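I have placed the structure first, in the form of structure tokens, so that the comments after it can refer back to it.
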Amino acid sequence: MQKTEHVEPCGKSSWIARTWSWLGKPLEHKVFGLGGRLTTLRYARWVKAHGYHFSGILHPHELLSEATPSLAHSTHYLVSDVYSLELLLHEAQVLLGASDLFIDIGCGKGMPPLYASRFHGYKATIGMDFSAKLIQEAEANLERSGDLRVHFIQADATDFTLPEQQAVVYLHNPFGPELLKTFLQHNLEHFRTQGSLIAYAFDVHRHVLSELDFDVMYRSPRFSHSLWQLRGAQPPE
């Protein structure tokens with residue numbers, strides 16, 4: 001006689017087992033799990049309501065019609081993880097208090113500036129990218145939002161100067177260590193006099209910040225993201 005495999009029925013007993021399994025997880029896992037689901041649900045509703053287009057993966061050679069020196073140091077386009085962004089924005093608010101300006105370096109199709117404006121109440125958010133193709137898509141998303149506090153700029157990070165105002169400067173690993181160092185060195189005076197925070201998502205090149213005397217103010221190894229501020233910064237009162 002052929003032996004049949006026993007399969008647990010999908011019913012009350014399996015639901016109880018899943019519940020006990022969840023209750024047995026560490027508190028940190030439960031909080032992250034619930035927070036992640038709620039944030040993702042809110043994000044999905046927001047994207048659907050406005051018809052935003054943030055998805056897709058674009059490799060560096062697809063971002064520009066002609067090569068530039070920065071292209072070799074750029075990473076592919078992939079929309080930011082919304083829960084990681086949410087946590088970074090929350091921690092930045094804890095450190096700085098109410099901040100008026102959010103700047104996304106390598107903003108892609110514009111999700112982080114639009115999200116920061118909508119859900120964190122920044123008076124102004126700026127998205128910068130060197131790709132005209134991505135800025136065009138970001139502008140299309142901005143039109144769908146009707147948000148007058150969001151602005152997009154096509155520029156190259158090698159010579160982009162941050163405004164003279166304290167800000168949360170967001171980097172979703174937009175480029176490699178060489179270009180990261182160039183961008184930071186070009187704006188060291190800003191970080192020294194304005195006390196801006198760097199919110200670095202997928203912070204694989206964080207050693208560059210340490211080498212330039214930025215101190216880590218917060219880091220989550222779980223999400224590989226961190227907040228940094230230049231040592232000895234003296235923001236205006």
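The values are calculated or read from the model by the stated rules, or taken from the named source; none is laboratory data. Please read these numbers as outputs of a predicted model, since none were measured by experiment. Cβ sites come from the backbone with ideal geometry, for glycine too, and all protein chains shown count toward neighbours.
Restricting attention to the range 160-175, which residues are under 16 Å from the mean Cα position of the chain (by Cα) and of a type outside the set (A, V, I, L, M, F, W, C)? Across the range 160-175, the qualifying residues are TYR170, HIS172, ASN173, PRO174.
In the range 209-221, is there at least one residue being over 18 Å from the mean Cα position of the chain (by Cα) and of a type in the set (Gly, Ala, Ser)? Yes: one or more hits.
Just one residue in the set LEU209, LEU162 is part of a loop (DSSP other than H, G, I, E, B), buried (at least 19 other Cβ atoms within 10 Å of the Cβ), of a type in the set (A, V, I, L, M, F, W, C) and at pLDDT 95 or above; that residue is LEU162.
Exactly one residue out of LEU179, LEU184 is in the same structural domain as PHE202 (by TED's automatic domain parsing), modelled with pLDDT under 95 and assigned to a helix (DSSP H, G or I): that is LEU179.
Out of the range 125-135, which residues are surrounded by 14 or more Cβ atoms within 10 Å (Cβ to Cβ) and assigned to a helix (DSSP H, G or I)? LYS133, LEU134, ILE135, listed by residue number.
One line per residue, one yes/no per condition, for (1) under 23 Å from PRO235 (Cα atoms); (2) β-branched (Val, Ile, Thr); (3) in the same structural domain as ASP215 (by TED's automatic domain parsing); (4) touching a residue at least 60 places away in the same chain (Cβ under 8 Å):
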| residue | (1), (2), (3), (4) |
| --- | --- |
| LEU85 | no, no, yes, yes |
| LEU89 | yes, no, yes, yes |
| GLN93 | yes, no, yes, no |
| SER99 | yes, no, yes, yes |
| GLY106 | no, no, yes, yes |
| GLY110 | no, no, yes, no |
| HIS120 | yes, no, yes, no |
| GLY127 | yes, no, yes, no |
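Looking only at the range 177-192, decide whether some residue is under 13 Å from TRP228 (Cβ atoms) and surrounded by fewer than 16 Cβ atoms within 10 Å (Cβ to Cβ). Within the range 177-192 (the criterion being under 13 Å from TRP228 (Cβ atoms) and surrounded by fewer than 16 Cβ atoms within 10 Å (Cβ to Cβ)), the answer is yes, since at least one residue qualifies. Selection within the range 187-201: residues that are of a type in the set (A, V, I, L, M, F, W, C) and assigned to a helix (DSSP H, G or I). The member of this set that is farthest from the chain's Cα centre (by Cα) is LEU188.
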